[in-house]
Amino acid sequence: MAIAILPLAVIAAVALAVPLFQGSDQAADRVTCAQAPPTPETIKHFSAPPPPELADRALWLATLRTNCGPIQIQLDGLAAPQTVASFIFLARHGYWHDSPCHRLTAARTGMYLLQCGDPTGTGLGTPGYSFGTENAPASHEYARGTVAMAREGGPGSNGSQFFIFYRDTALPSRAVGFSIFGNVTAGMAVVDAVADKGPEDGVQDHHPFQPISFLSVRVVKEV
């Protein structure tokens, strides 16, 4: 697989350019992206993942505020407690502040995903810890809007990076499954807008042509 502090004027410009929330029924062609921020100068690292109990066997709502508009994800702390616990932990520590999505696969690859979660923007960054796979589908099928963990290598190498599938995707049956831990509940138009632009320079599997970065990530438990 592969925290810079912005001037107040830049923050204000981004806030004006990005709507407070774009509903799931918004068309991708109406999404407007502000300029993406530079990648952080320093990356936080941690010695170990948080305990799965942090997920409290509950549903959580994550709001990913991006330069193209917000995306909301429902996190399933019952189906994937360790993964959700890690997501909550990293969000609370501001790990994804100004973190870019660094990979977009084109339709002809057979995989339809936007990969995010590495603050370095290289696909090589980690939070300093790793953990195992959980809730991987036996069918090897990932529906549109599914959020699943990416890995550095084998099943025990989950870290901070994750996929958002923008179309239904079926992986080869020989593939090792990826941990499903959430589903986009609003803001898929943002993902669609980035996917519609394709990968950079027309390459099948590359950086998105339309840059998209997380300005902040906030997670709250659903009541």
For this session: Could you run through the stretch 169-196 and say how many residues are farther than 21 Å from GLN74 by Cβ and part of a loop (DSSP other than H, G, I, E, B)?
Result: 6
Exercise. Using beta carbons and a limit of 9 Å, which pairs, at least six apart or on different chains, have the first residue in the stretch 155-183 and over 21 Å from ALA195 (Cβ atoms) and the second one charged (D, E, K, R) and buried (at least 24 other Cβ atoms within 10 Å of the Cβ)?
Worked result: GLY159/ASP118; SER160/ASP118
Exercise. Can you name the number of the only condition in (1) among the small types (Gly, Ala, Ser); (2) under 30 Å from PRO50 (Cβ atoms); (3) surrounded by fewer than 18 Cβ atoms within 10 Å (Cβ to Cβ) that SER173 fails?
Worked result: (2)
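To keep it simple, each residue is scored yes or no on (1) at pLDDT below 95; (2) farther than 18 Å from VAL147 by Cα.
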position: ALA15; (1), (2): yes, yes
position: LEU20; (1), (2): yes, yes
position: ALA27; (1), (2): yes, yes
position: VAL31; (1), (2): no, yes
position: ALA36; (1), (2): no, yes
position: PRO51; (1), (2): no, yes
position: LEU64; (1), (2): no, no
position: ALA85; (1), (2): no, no
position: PRO100; (1), (2): no, no
For this session: Quick one: which residue in GLY123, GLY94, GLY153 is among the small types (Gly, Ala, Ser), in a loop (DSSP other than H, G, I, E, B) and over 26 Å from PRO37 (Cβ atoms)?
Result: GLY153
Exercise. In the set ASP168, ASP192, which member is of a type in the set (Asp, Glu), closer than 16 Å to LEU114 by Cα and surrounded by fewer than 14 Cβ atoms within 10 Å (Cβ to Cβ)?
Worked result: ASP168
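The values are calculated or read from the model by the stated rules, or taken from the named source; none is laboratory data. Computed from a predicted model, the values in this text were never measured in an experiment. We place every Cβ from the backbone using ideal geometry, glycine too, and count neighbours over all the protein chains shown.
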